[in-house]
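Only one structure is covered here, and it is reproduced in the block below.
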Amino acid sequence: MHPIRMLLYLSMIGIGVLFFILTVAFARTGGFPGEAFELPKFFSVSTILLLFSSYTISRVPRLYKQEKLKKMARYLGITLALGLLFIGTQLIGWNEMSRTGVHFSGKASGTYLYLISALHMLHLAGGVIFLSFMVFKTMYVNSDGVRSLIFIRDPFRHLQLSMLNSYWHFMDFLWLGLYLVFLFIA
């Protein structure tokens, strides 16, 4: 296994452990007992956006193997847009929580909800940054036949796309798990 891939897997394990601990701490607060708390509707919208982004990025490895860089850049761009929309809908969800009286500095359950959401957005932002790089790199090399040939044949590019795909799916399913916990505990 390539050492960079091993580092990715180790970091994903660390991220998973971090979110597991925060989720257990959130669950131990008991959620929002006795209150009429509803999870922000925009958290549901953001979950759907992230699931669509998981689909779009899953198309990329096949397009890479078929050497369809223009289409690959389009799917990477759609995934990037969906990731940015996810972050935007999370912020709108925070606004929605704030209007219903759930604040970061209030009850521990509210604090954990904001913290978990913010940490997920932060980790997703790392993926968005690398995804942006891959979108622009793919668009750049697509404009020249020689560059595109080198891009397609470069094993390091294949590794990068594979790792991006793994990380993105990990972040998507991590959020799905967190969303389900929020849905049933809050």
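The values are calculated or read from the model by the stated rules, or taken from the named source; none is laboratory data. This structure is a prediction, so every number in the text was calculated from the model and none was measured. Heads up, the Cβs are rebuilt from the backbone with ideal geometry, glycines too, and the neighbour counts pull from every protein chain shown. These area figures cover heavy atoms from the full protein model, side chains too; ligands, DNA and RNA do not enter into them. Shrake-Rupley method; radii C 1.70, N 1.55, O 1.52, S 1.80 Å.
Could you say whether any residue in the stretch 67-90 is at positive phi and either free of Cβ contacts under 8 Å to residues at least 24 places away in the same chain or not β-branched (Val, Ile, Thr) (or both)?
Among the residues of the stretch 67-90, at least one is at positive phi and either free of Cβ contacts under 8 Å to residues at least 24 places away in the same chain or not β-branched (Val, Ile, Thr) (or both), which makes the answer yes.
For the list (1) open to solvent by less than 30 Å² (accessible area, probe 1.4 Å); (2) under 12 Å from the mean Cα position of the chain (by Cα), I need the number of the one condition that PHE52 fails.
(1)
Yes/no per residue for (1) assigned to a helix (DSSP H, G or I); (2) of a type in the set (Gly, Ala, Ser):
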position	(1), (2)
GLY106	no, yes
GLY110	yes, yes
HIS120	yes, no
HIS123	yes, no
ILE129	yes, no
PHE133	yes, no
LYS137	yes, no
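Filter the stretch 102-126 down to the residues that are out of contact with any Leu (no Cβ under 9 Å at 6 or more places or on another chain) and either surrounded by 17 or more Cβ atoms within 10 Å (Cβ to Cβ) or charged (D, E, K, R) (or both) and list them by number.
Result: LYS107, SER109, GLY110, THR111, TYR114.
Sort through PHE42, PHE20 and tell me the only one that's out of contact with any Asp or Glu (no Cβ under 8 Å at 6 or more places or on another chain) and aromatic (Phe, Trp, Tyr).
PHE20
If we keep just the residues of the stretch 137-156 that are among the hydrophobic types (A, V, I, L, M, F, W, C) and surrounded by 13 or more Cβ atoms within 10 Å (Cβ to Cβ), which is nearest to ILE87 (Cα to Cα)?
MET139
Run GLU96 past the list (1) of a type in the set (Asp, Glu); (2) part of a helix (DSSP H, G or I); (3) out of contact with any Phe, Trp or Tyr (no Cβ under 7 Å at 6 or more places or on another chain) and report the number of the one that doesn't hold.
Against the list (1) of a type in the set (Asp, Glu); (2) part of a helix (DSSP H, G or I); (3) out of contact with any Phe, Trp or Tyr (no Cβ under 7 Å at 6 or more places or on another chain), GLU96 comes up short only on (3).
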